Amino acid sequence: MINNVSLTGRLTRNAELKYTQGETAVAQFTLAVSRQFTNQQGERESDFINCVVWRKSAENFSKFTHKGSLVGVEGHIQTRTYDNKEGQKVYVTEVVVENFALLEPRSQAANQAPTNSSQPANVADDDGLPF
């Protein structure tokens, strides 16, 4: 079976980083992905795709992205259900991100990103990114 997804879009808000009871990092975010065609008014519409990324990738994603960041993600679609506080079954469809790429120049992203003084200075490779 094939279940592959590749998306390019902008974050609608900062990624929400949380930790499970087992201390595994998980970040959730929504990508606004423009459609390839225009509507009757000549405007491009967007789809808003829920995404989730796990472990160290989740920490890196939340550290190096922010609302409006242009990113590319690769992963697979997953569906799941859970019962909310009212006892109603909630159905969720999301992209589980396996790989991601920051698609803006670092200087442009740095001008828009909030400062993070807790970032270690020695985690970066030649491009200045830790992955």
Unique residue being in contact with a strand residue (DSSP E or B) (Cβ under 8 Å, 6 or more places away or on another chain), of a type in the set (F, W, Y), modelled with pLDDT of 90 or more and surrounded by 12 or more Cβ atoms within 10 Å (Cβ to Cβ) when the list is F48, F29: F29
Breaking point among (1) part of a loop (DSSP other than H, G, I, E, B); (2) surrounded by fewer than 16 Cβ atoms within 10 Å (Cβ to Cβ), for I77: (1)
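Matching residues to (1) under 17 Å from A27 (Cα atoms); (2) over 11 Å from the mean Cα position of the chain (by Cα):
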{"position": "V53", "(1), (2)": "yes, no"}
{"position": "K56", "(1), (2)": "yes, yes"}
{"position": "Q78", "(1), (2)": "yes, yes"}
{"position": "K85", "(1), (2)": "no, yes"}
{"position": "V90", "(1), (2)": "no, yes"}
{"position": "E104", "(1), (2)": "no, yes"}
Qualifying residue in the stretch 24-35 (condition: in contact with a Leu (Cβ under 7 Å, 6 or more places away or on another chain) and over 19 Å from T93 (Cα atoms)): yes
Unique match (being of a type in the set (S, T, N, Q), closer than 20 Å to V53 by Cα and modelled with pLDDT of 95 or more) among Q88, Q78: Q78
Selected residue [out of contact with any helix residue (DSSP H, G or I) (no Cβ under 7 Å at 6 or more places or on another chain), surrounded by 12 or more Cβ atoms within 10 Å (Cβ to Cβ), outside any strand (DSSP E or B) and at pLDDT 95 or above] from E104, E59: E59
Long-range neighbours under 7 Å by Cβ, at least six apart or interchain, first residue more than 11 Å from L17 (Cβ to Cβ) within the stretch 55-66, second of a type in the set (S, T, Y) and surrounded by fewer than 19 Cβ atoms within 10 Å (Cβ to Cβ): R55/T24
Residue within the stretch 11-21 that is among the charged types (D, E, K, R), under 19 Å from V95 (Cβ atoms), touching a residue at least 12 places away in the same chain (Cβ under 8 Å) and assigned to a strand (DSSP E or B) present: yes
Test result for T8, in a strand (DSSP E or B), in contact (Cβ under 8 Å) with a residue 24 or more places away in the chain and of a type in the set (V, I, T): yes
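The values are calculated or read from the model by the stated rules, or taken from the named source; none is laboratory data. Here the structure is a predicted model, which is why all the values come from computation and not from measurement. Every residue, glycine as well, gets a Cβ built from its backbone with ideal geometry; the counts of neighbours run over all protein chains shown.
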